[in-house]
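Asks: Below is a structure I'd like to ask you about.
The values are calculated or read from the model by the stated rules, or taken from the named source; none is laboratory data. Here the structure is a predicted model, which is why all the values come from computation and not from measurement. When we count neighbours, we look across all protein chains shown, and the Cβ atoms used for this are built from the backbone with ideal geometry, even at glycine. Note: areas computed on protein heavy atoms with side chains; ligands, DNA, RNA excluded. Shrake-Rupley method; radii C 1.70, N 1.55, O 1.52, S 1.80 Å.
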Amino acid sequence: MHSGMTLSAPPSVLFAAVDPGGAAAILPVAQMLAGRGGRAAILDHGFLGRNATDELIRLAPPDGDPGAWLEACGISCVCFGTSLADHLPLALARSAQSLGLPVVCILDNWMNYRVRLEMDGGPLFVPDVYAVMDDKARDEALAEGVPASCLQVTGHPGLAGLAREISEATAPRRRDLRMRLGLGVPPRQLIAFIGEPVARDQGTDSRTPGWRGYTERDVLALLCGQLQPMAGTVDLAILPHPRDDLVELEALWQSLRGNLGGGIVRDFGGRQVVLAADRVAGMASILLYEAWLQAKPVISLQPGLVRDDLAAAVRRPGIGLVTRRDLAPEAIAGWLAAGQWEKPADCLRHGAAPALLAELIQHLAERAHGEA
């Protein structure tokens, strides 16, 4: 708090995030700030707007000049998550900086560190703090030309509860969840497959900007084909992405499943199922990283990959990465034979992230409010 200064009201911090990943990273920080008596205002827009809780102030998006809107709302600091398609959070961040307000950007994934800050076609935006998840993210951001002055390793606030959930995922609880799922009931193994709407987001061929070199159809076909010899002993739980078309995904699964047991999981969270699973497969989802933090055998299937960023995002000791279809059988066989290893320590850093970021943001907001 300011020493020797009385403020008429605490400063307001605007939190803005459109995409699911950004919202998941930012919401715990906003809730922590509000719980400590801070004024946390949510931009009522996108995924964060739809999922914010009642203790947070909601602000309708500006319909005119973002800078004038920020001033009218009495905002003292902006905290935002990046988006590949919606540029409103970045526009608000640029306007805030032009007004002399502090800006914090919270990163939620291990890729495109610099591109996120120039996605709107403007010059590289350098926030006061670019909060990144771990040393890997910091080093890779530096390599992409993000200035060291703004980078701060804070942990991933969206993963703050994971350490507790891992400790609570006892064998009886995991068995109970499998019973409720009706999948992977012992002695059958439970394999979780993390879905992503690749065809919808990055297209089906190289004519689409961002083309990955594969689609979810290619990946699921590859996995189902390799699992056929084990159909009598495993179940495949397909975890849909929030943007997946469930009717299309169900049709895809039915066309590829062969003799496999399993299906699309509709009434359970992805993290719950990953905690209960024996091993996890997917493409580039952050749930693969969550599974890695749990020391589960993890494989990233990206056959035909043409983007280095999607390989870097999942590259960790212990995560199998398949980018060539001809190498998939051997890699999948190794993944199916792998056991667990010692859990990484990063969960503890993530657990401390909301409080660390809330304190940092509150300090920046109070300083800006006092100078106003």
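Asks: (1) open to solvent by less than 90 Å² (accessible area, probe 1.4 Å); (2) in a helix (DSSP H, G or I): which one isn't true of residue 367, the others all being true?
Replies: (1)
Asks: Give the residue that is surrounded by the most Cβ atoms within 10 Å (Cβ to Cβ), with candidates limited to residues of the range 11-39 that are within 19 Å of residue 66 (Cβ to Cβ) and among the small types (Gly, Ala, Ser).
Replies: 17
Asks: Report, ordered by the first and then the second residue, all pairs with beta carbons closer than 7 Å, sequence separation of six or more or different chains, a first member in the range 326-345 that is of a type in the set (Gly, Ala, Ser), and a second member that is in a helix (DSSP H, G or I).
Replies: What qualifies is 328/222; 328/226.
Asks: What is the one condition in (1) over 20 Å from residue 188 (Cα atoms); (2) surrounded by 21 or more Cβ atoms within 10 Å (Cβ to Cβ) that residue 274 does not satisfy?
Replies: Checking residue 274 against (1) over 20 Å from residue 188 (Cα atoms); (2) surrounded by 21 or more Cβ atoms within 10 Å (Cβ to Cβ), the one that fails is (1).
Asks: Now a separate question. Quick one: is residue 239 open to solvent by less than 20 Å² (accessible area, probe 1.4 Å), under 24 Å from residue 204 (Cα atoms) and touching a strand residue (DSSP E or B) at 6+ places or on another chain (Cβ under 8 Å)?
Replies: Spelling it out, residue 239 is indeed open to solvent by less than 20 Å² (accessible area, probe 1.4 Å), under 24 Å from residue 204 (Cα atoms) and touching a strand residue (DSSP E or B) at 6+ places or on another chain (Cβ under 8 Å).
Asks: Go through the range 312-330 and count every residue that is part of a helix (DSSP H, G or I), at pLDDT 95 or above and open to solvent by less than 40 Å² (accessible area, probe 1.4 Å).
Replies: Residues that pass the stated criteria total 1.
Asks: Turning to a different aspect of this structure: Can you tell me which of (1) closer than 29 Å to residue 241 by Cα; (2) of a type outside the set (S, T, N, Q); (3) at pLDDT 95 or above is the one residue 75 doesn't meet?
Replies: Of the numbered conditions (1) closer than 29 Å to residue 241 by Cα; (2) of a type outside the set (S, T, N, Q); (3) at pLDDT 95 or above, the odd one out for residue 75 is (1).
Asks: Looking at the structure I just gave you, is residue 120 closer than 30 Å to residue 338 by Cα and of a type in the set (Asp, Glu)?
Replies: no
Asks: Do you know which of the residues in the range 44-83 that are in a strand (DSSP E or B) and hydrophobic (A, V, I, L, M, F, W, C) is most open to solvent (accessible area, probe 1.4 Å)?
Replies: For the range 44-83, the residue satisfying everything is 57.
Asks: Going through the range 86-100 one residue at a time, which ones are in contact with a Leu (Cβ under 8 Å, 6 or more places away or on another chain) and assigned to a loop (DSSP other than H, G, I, E, B)?
Replies: Result: 99, single match.
Asks: Between a first residue in the range 34-50 that is within 17 Å of residue 62 (Cα to Cα) and among the charged types (D, E, K, R) and a second residue that is assigned to a strand (DSSP E or B) and open to solvent by less than 50 Å² (accessible area, probe 1.4 Å), which pairs have beta carbons less than 9 Å apart while being 6 or more apart in sequence or on different chains?
Replies: 44/59
Asks: Would you say residue 196 is open to solvent by less than 60 Å² (accessible area, probe 1.4 Å), in contact (Cβ under 8 Å) with a residue 24 or more places away in the chain and in a helix (DSSP H, G or I)?
Replies: So residue 196 fails the test.
Asks: Also, quick follow-up: If I ask for residues that are under 19 Å from residue 313 (Cα atoms), polar (S, T, N, Q) and open to solvent by 50 Å² or more (accessible area, probe 1.4 Å), which ones from the range 115-154 would you list?
Replies: Of everything in the range 115-154, just one residue is under 19 Å from residue 313 (Cα atoms), polar (S, T, N, Q) and open to solvent by 50 Å² or more (accessible area, probe 1.4 Å), namely 152.
Asks: Please specify each residue of the range 331-342 satisfying the condition of being outside any helix (DSSP H, G or I) and surrounded by 14 or more Cβ atoms within 10 Å (Cβ to Cβ).
Replies: 338 - this is the single residue of the range 331-342 that is outside any helix (DSSP H, G or I) and surrounded by 14 or more Cβ atoms within 10 Å (Cβ to Cβ).
Asks: Among the residues of the range 343-351, is any within 30 Å of residue 247 (Cβ to Cβ) and surrounded by fewer than 18 Cβ atoms within 10 Å (Cβ to Cβ)?
Replies: Among the residues of the range 343-351, not one is within 30 Å of residue 247 (Cβ to Cβ) and surrounded by fewer than 18 Cβ atoms within 10 Å (Cβ to Cβ), which makes the answer no.
Asks: Separate question: Residues in the range 162-190 that are without any contact (Cβ under 8 Å) to a residue 24 or more places away in the chain and within 24 Å of the chain's Cα centre (by Cα): how many?
Replies: The total comes to 2.
Asks: Out of the residues in the range 95-114 meeting the condition of being in contact with a Gly (Cβ under 7 Å, 6 or more places away or on another chain) and surrounded by fewer than 20 Cβ atoms within 10 Å (Cβ to Cβ), tell me which one is farthest from residue 137 (Cα to Cα).
Replies: 99
Asks: Condition test on residue 336, is it farther than 20 Å from residue 160 by Cβ, more than 22 Å from the chain's Cα centre (by Cα) and not assigned by the TED database to the domain that holds residue 75?
Replies: yes
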